[in-house]
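Every number in this text was worked out from the coordinates using simple rules, so none of it is lab data. The shown structure was predicted, so the numbers you read here are calculated from the model rather than taken from an experiment. Positions of Cβ are generated from backbone atoms using ideal geometry, with glycine treated the same way; all protein chains shown enter the neighbour counts.
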Amino acid sequence: MDQCMLRPGQKALGSYGLIFQSQPGIFCEELLICYPSQLSGNNTLNGTLSSIPYRIKAKRNEVTKKCEEKRIKFCNQPNNKDKCSVGQPGSSTWHGIMIKIDYYGNDFITTIYLSITYKNYTFINMPLFYIEFGRKGDIFTKIFPMAVIESKTKTKYIKQKEAIIPIEELLKNEFLSNADKGGYYLNKYTGLWSLGMDLLPLTAQRSLHLFFYRGCICEVDVWFRKPTTPSTAIPTINNNIKDKNLLRDKICKLFTNNTMYPLGNITEKEKLVEFKLKTSNVGESGIIELFDNETVVLKINFNKSAIEFLDSGNYSRYSRDFQQNLLQIGATINVTMRLNKYSVYTSIEIKDFPIINYKFFPKFWWHGRLFEISNNSYLLIHGDFVIITPVNVRGFNEYTLTDKMGQIIQMPHSFKFGEFIRNNTLFRYRCLLNDNAEWFYIRLRQNILEENKYGIKYFIEN
């Protein structure tokens, strides 16, 4: 009824639906939503058995099998017995919706799978969308991409033009044109367009039961929208209770087995490499190795609570202990590497932990031979984590990179140390001389104003 009449204070009619939003650039192995079917011919115990022309049979596909397994497991839990008695949601056949997000070429592909059809539905680069289950004029399910419009004062989620699926329009129109002639059954024409009829409960039931299961590698959030939800409402999730109602029924043991990622020619062009890792919740160790052909350039070793950088001789150059096993908390690790023929600069960011910034210079780095056979340079990743984004390799651009990765400073250059100077303070400068260089100097000044031929003035106060 809420889709057909205004409630007090409501300005416009709305619809029931689900809003899906994925995190930019991150895969989703599986998001499964199960629900008690309203049209299944097997549901004789809960009073939802539809008339014969509208009865459907769940296709024996992956979604149907998964939801049946989830229902059985749900009902086998002692504290759910009352939810699985006659007339309760666990007593009837469950159907489902499954979302997966993969990366092909330069695009992220969102695929929707349903229990009620063998067809699947793919959409390219659609991180935010709305599945709408009918409206006042009809009961057909439609999909709308959404856009986030931000201003200085507010943020809006705007529904865009409907994503038309030609085969769905044909199925729907053929069923409608023949439904009154007799002998035509919905089961033959089911698809995404009929999802709302199978999902939304009858008026007499009043309650909708949805069971959410999110895979270990998935950062998709879902909101249920009611007709009375204001169009200006912004979907939000309290991070403190974000996972509270997710039915996680498996241990997330994530593992990558010696997977290679090519990097291309580094000697000719400086490269920026970016990717994200998701750690296991039962892990112990992992390693990222940077290779030039068969030679190890740099190792980043993850050992429980510690991250350690080692050179080609397996000598430890730098390490940090976070006092907590990072491979047992399902952490997201952001890795950024700046690669050139002289050095490797690595930034590692983990939420709620200090950032690691480490710059590796090999012996005789100024010869520029760090990657001598760079046509075959690659990363090798192994251990108790998985990559959840593409490994993005691109040419380095000084103007688009944040200061954390450092910049190459052209001479002459002057700067003020500030107040952090203490006895025994160590300063390290690495300078690459021009081919025609004859001299250079470094001066440490105090309380002196200097002007040189380049017009630079510099004054250090005590």
Report the chymotrypsin sites (Phe, Trp or Tyr not before Pro) located in the stretch 289-340 that are in a DSSP loop and have at most 13 other Cβ atoms inside 10 Å of their Cβ, or state none. Y315
How do S377, S319 line up, fewest other C-beta atoms within 10 Å first? S319, S377
Quick check on the exposure proxy: order C84, C28 from fewest to most C-beta atoms within 10 angstrom. C84, C28
Using square roots of five times the C-alpha gyration tensor eigenvalues, list the equivalent-ellipsoid semi-axes of the stretch 256-395 in whole Å, biggest first. 25, 16, 13
Label point distance in nm, S305-A163, each placed 7 Å from Cα along Cα→Cβ: 4.5
Testing the spin-label approximation: label points 7 Å from Cα along Cα→Cβ at D102 and K73. State their distance in nm. 2.3
What ranking of F175, F27, F385 emerges when the number of other C-beta atoms within 10 Å of each C-beta is taken as an exposure proxy, fewest first? F175, F27, F385
Add +1 for every Lys or Arg and -1 for every Asp or Glu among the other residues with Cβ under 11 Å from the Cβ of D384, and state the total. +2
N434/Y318 FRET efficiency (R0 30 Å; Cβ-Cβ; nearest 0.05): 0.50
Along the Cα→Cβ direction, 7 angstrom out, place labels at F427 and K136. What is the inter-label distance in nm? 7.4
